[in-house]
Every structure is written in C-alpha cells, then in structure tokens.
Amino acid sequence: TRTVAVVAPGAGVLSVRLDARDALAADDTASAVLPPPLRPGIAVVSPVDESGDADPDPFLIAVLRELSPAQLRVLDPLTYERVAPQLSALGLVIFDRVEPGVLPPAPSLHFGAGLPGLPARAVEQPTRVLRWDRAHPVLRDGSLGSIYGARSLAFAQEGTDASRANAGVLAESEHGALIVERSLAGHRRLAVGFELMQTNWPVQFGFPIFVASAVERLAPAGPGAAGAWVRTDEPASVTIPAGAAQVRVVSPSGDVRTLARARADPPGPIARTLAPLERAGVYVVRAGEAEIGAIAANLAAAGESSL
C-alpha cells in the first residue's frame, strides 16, 4: 500500500493509473471526483466605536473578505466573552487590539494586544523590525524591513539567541520579541505586537500576504467530502441544476445520454438516477455547452474477469 499526498487548491477529478500491461486495461485506472476544500470560518474581535459597535481595522477586514472564508463574524469584546465556548466550530479567531480574558477553543491571531499565558510589556516609542525568521511559513513570502509602528508590545522571550526560532520568536525589534508563535490551551496562537492602526504595515503589499499566510498556517482549508466514484455495476446520481431543462452525460468514448426535467418537477435542482455505467472512466456532465460536473466510474472487483 502506498499513500500519495496531492495539493489540490480546488475541485477537480483525480485519476491514478498503474503503469502495467495486462489483458484488461479498464481496471488499471481509477478516478475520483474531488469536491472543493472547506474554507474556515473566521471571527474578528475588536473594540467598539462611539456608537457601541465593534470597530475592526478596515484593512484587516478587507483582506479577510478577499480570502472568502466560510463565514466572517465581527464581535465586540463583551459578545466574545459570552459566546467564546461556542467558537470551537470556527477555524480561526482574530483579536484586533483586544486582550481576551479567556482564549478561544480554536486557533487565534492577535494584533496589538496580549493574551493569557504570554506576558508582554508596552513599548510607547517608535519601533522597527530588526530581524525575522525568513524561513517560517508565515514570513517567507514577504519582507518586514520597511515596517515601523508608533507603539507596540514586546513579548516575553524564551530561550537564548541561538534557540529563539525553536522557542517561537518569529520577529524581533530593538525592544524585544515582536511576533511570536505559541501553543496555548490546546491550539496554535500567533501574536503580533504591532497595533495595525499605529503602523504603516496595512498599506504595504506584504500585509495581505502575511494575513493570508497566517490564516493558512493557523486554519488551513480542510478537505471537503471524500472523493466520489461509482462502480461500473452501480447506478449514478446526476443533478439537473435550477434553470436547466436537461443535462447530457458524455462517456469517455463520446456517447451521450440525456436526462430531462419532467413537467411535474419543482423548479430547483433535482436529482436523476443514471443506469449503471458500463465503461470505466470519467463521464462529463454538461448543461448546454457548460461543463457542470463529472462522474468517475471504476472497475473495482476482487477478480478482474475470466479473460
């Protein structure tokens, strides 16, 4: 048995072929239809404005929206403290200038505020990044050399200069650790000493790269449902989308089967059962000229055949 990891950024069809020659080639290839990966949900906790509403950094929110999370919630500190135990289903909680009383039951990213279990001191003077770990997944695609802040935090450091990378210090200023990574309360935490509104970072091209890398590091997009396929002796299910009168299923050899909507069918998507697909391979489902899906049919049997 061999396991192979494949990085698939979106939906698609995965086919595996054995490089072998035998009497039956139909079972030397197997395919699966892969659904899109599941995107994490994100909550942002920020201070409130004069009207009492949460007021997150606008650059941070703009970047997060471009990442298209499964959901994006904005919470004020009091609401967060009330619903914190319910946030375990989210992939990531981001704290913007808010130090939580309790860490969330999910990975978290912190800007400009401390967090339980990670002591920090305020630095009320201009701060620049002196050095950073260019090999770390969160920092390897961007530069921090031109970033400065009017004020910041310096986090407590662990270990000696030679062991800071292993201790989770990702970046340092002349005042101490500026970006750190820790495992606290069972989840990974990434803390940034800069308060975004007090720096020039959000208007630099490296900021969205950092946020995207941090989200991927803390809450990577998970797989969707398992890859789908049918055996050649099983019926397949095909969905006729809303607004389509029919779909065509094109076999690997080019043969076409048509599945039509009946007059009594509701206007929304409906499922139709397709008779067993006799030939192994990938069948393409089309609505008009658009390709809307695929069916993977595999010859999966304990014995190939009597051939």
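The values are calculated or read from the model by the stated rules, or taken from the named source; none is laboratory data. Just so it is clear, the structure is predicted and the values come from calculations on it, not from any experiment. With ideal geometry, Cβ positions are generated from the backbone for all residues, glycine too; neighbour counts draw on all protein chains shown. Ligands, DNA and RNA are excluded from the accessible area calculation, which covers all protein heavy atoms including side chains. Shrake-Rupley method; radii C 1.70, N 1.55, O 1.52, S 1.80 Å.
Label-to-label distance, Gln246 versus Leu78, with points set 7 angstrom from Cα along the beta-carbon direction: 6.2 nm.
Of the labelled figures [x] 18.6; [y] 23.3; [z] 24.5, only one reflects mean projected area of the Cα convex hull in nm² as derived from the coordinates, namely [y].
Rank these residues by their accessible area, most exposed first, probe 1.4 Å: Trp132, Trp201.
Putting Trp132, Trp201 in descending order of accessible area: Trp132, Trp201.
Taking all protein chains as shown and a probe of 1.4 angstrom, His187 keeps an accessible surface of around 60 Å². Taking the protein heavy atoms of the chain in the context of the full set of protein chains, the accessible area attributed to carbon and sulfur is 53 percent at 1.4 Å.
Tilt of helix 206-218 relative to the longest C-alpha principal axis of the chain, in degrees (0 to 90, nearest 10)? Once rounded, one gets 70 degrees.
Note on the range 35-152: Cα convex hull, mean projected area over all directions, 9.4 nm². Solvent-accessible surface of the range 1-132, averaged per residue with a 1.4 angstrom probe and all protein chains in place: 58 square angstrom.
One chain, two ends: Asp255 and Ala228. Fully extended at 0.36 nm per residue, the span grows by 7.5 nm beyond their Cα-Cα distance.
Between Glu174 and Val13, what length comes free when the chain is fully extended (0.36 nm per residue of separation minus the Cα-Cα distance, one decimal in nm)? Don't skip to the end; give the middle numbers.
Working: separation 161, 0.36 × 161 = 57.96 nm, distance 5.10 nm.
Working it through step by step, the gained length comes to 52.9 nm.
Kindly sort Thr258, Thr273, Thr199 by accessible area of their heavy atoms, largest first, with the probe set to 1.4 Å. If you can, show how the numbers build up before the last one.
Values: Thr258 75, Thr273 105, Thr199 25 Å².
Descending accessible area places them as Thr273, Thr258, Thr199.
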